[in-house]
Amino acid sequence: MGADQPVLESDTRSIAIISDIHGNIRALDAVLADIAAQDVERVVCNGDLITGSAHAAEVVARIRTLGIPCTRGNHERYLAEMDDPADAKWRAANWTPTQHDYISLTPGQHAWLRELPELLWLCDGPAPLVMTHGAPGNDSARLTAQTPPPEWRNLFADFPAGITLVGSHLHWFWQTAQSDYRFVRTPSVGLPLDGDVRAGYVILRRNGDGWRAEHRRVGYDLQTELEAFRASDYYQASGIVGHLFWEELRTARWWLMPFFAHLRHLCNISNAAPGGFGYSHEDLAAAWQTFDHSQYPEYNPDQGAFPDAN
């Protein structure tokens, strides 16, 4: 699938957009069942299929079997970087979930993930639509209500007027519309962080020369997913970081960001991306013993700053 040619017909009128599945096969199957009942023409996926719950291989298999067009998320990029045996993530305790996914996925799944494009044009014509995990050229970009106007202007400078850009990454639904563009950020299928444990996705329906976004939430058997996660080799191999993912799945609240903010303070490191440094098992254990999640207020990325955010 080419990133520069539309993957859907220009007269497509309804699209379900799923993203941030993070290895949660039960949430994915529940969302796919809900989509089947919504009179939707096409389904696409905006990255981060893996890392976060115990079923990355099953999730990748499901998306591939269904032929769902998909972009590459930051977690797929991390995986590809580990093709290099000298990559620092192989020696860092905070990357154990990705290490486990790397070993567990089949060669064919690795090859498929490696070929995913960073950006997909979905539709051209009178209602142009493009999709990328974070922002064009940056799969970890945080596009929020706090993003300043000059950044938005730069972001849309190379797109045609009337474009709708779909992003993901932050696991919160949000949208904004200006005179010449629209941005829709999808919720997470498999790892919601907005306080609602139900799986989330978006349906876009054509509205004149644009798109109307419908934010949908779907209940699923979360308890069984949590139990399967806790009993899995993935959980055992992932250590403290795996437990943080488990807490995020259980509560639909942020745990990794506050924990790594606390860890950076203990290690006297500032202005670093969460998990970006290579930490030892001893570093993680010391931080876990002193980490108090209640000291970090719940926040909405569109209303408050991330811990230690630049």
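Bear in mind that the values in this text are calculations on the coordinates, not laboratory data. No experiment lies behind these values; they were computed from the predicted model shown. Neighbour counts run over all protein chains shown; Cβ positions are idealised from the backbone, glycine included.
Overall, region 225-295 carries a charge dipole of about 180 debye about its Cα centre when +1 sits on the Cβ of Lys and Arg and -1 on the Cβ of Asp and Glu, all other atoms neutral. Taken over region 10-62, the convex hull of the Cα atoms encloses 68 Å³ per residue.
Taking label points 7 Å from Cα along the Cα-to-Cβ direction, residue 288 and residue 158 give a separation of 4.3 nm. Over the Cα atoms of region 160-310, the radius of gyration divided by the Kirkwood radius equals 1.04; this is the Rg/Rh ratio. Residues 139, 196, arranged from fewest to most other Cβ atoms within 10 angstrom of their Cβ, appear as 196, 139.
Considering every Cα-Cα pair within region 193-269, what fraction, in whole percent, is farther apart than 14 Å? Here the tail beyond 14 Å accounts for 71 percent of pairs.
Each principal axis of the Cα atoms in region 225-295 has its own extent, and those three values, largest first, are 36, 23, 21 angstrom. Just want the answer: with Cβ charges of +1 for Lys and Arg and -1 for Asp and Glu, which residue in 109, 66, 173 is farthest toward the dipole's positive end in region 14-218? Value computed over the given set: 173. Be a star and scan region 101-117 for residues whose amide nitrogen sits under 11 Å from the point 7 Å along the Cα-to-Cβ vector of residue 83. Under cut-off, by backbone N: 110-116. For the pair region 59-79 and region 174-244, the centres of their Cα atoms are 15 angstrom apart.
The Kirkwood hydrodynamic radius of region 114-199, based on inverse pair distances between different Cα atoms, is 13.6 Å. In degrees from 0 to 90, rounded to the nearest 10, what is the angle of the helix 256-266 Cα long axis to the longest principal axis of the chain? It is inclined by approximately 40 degrees. Spherically averaged projected area of the convex hull of Cα atoms, region 55-177: 9.4 nm². Based on alpha-carbon atoms, the Kirkwood radius and the radius of gyration of region 14-218 give Rg/Rh equal to 0.96.
In a reduced charge model with +1 at each Lys and Arg Cβ and -1 at each Asp and Glu Cβ, the chain shows a dipole moment near 340 debye about its Cα centre.
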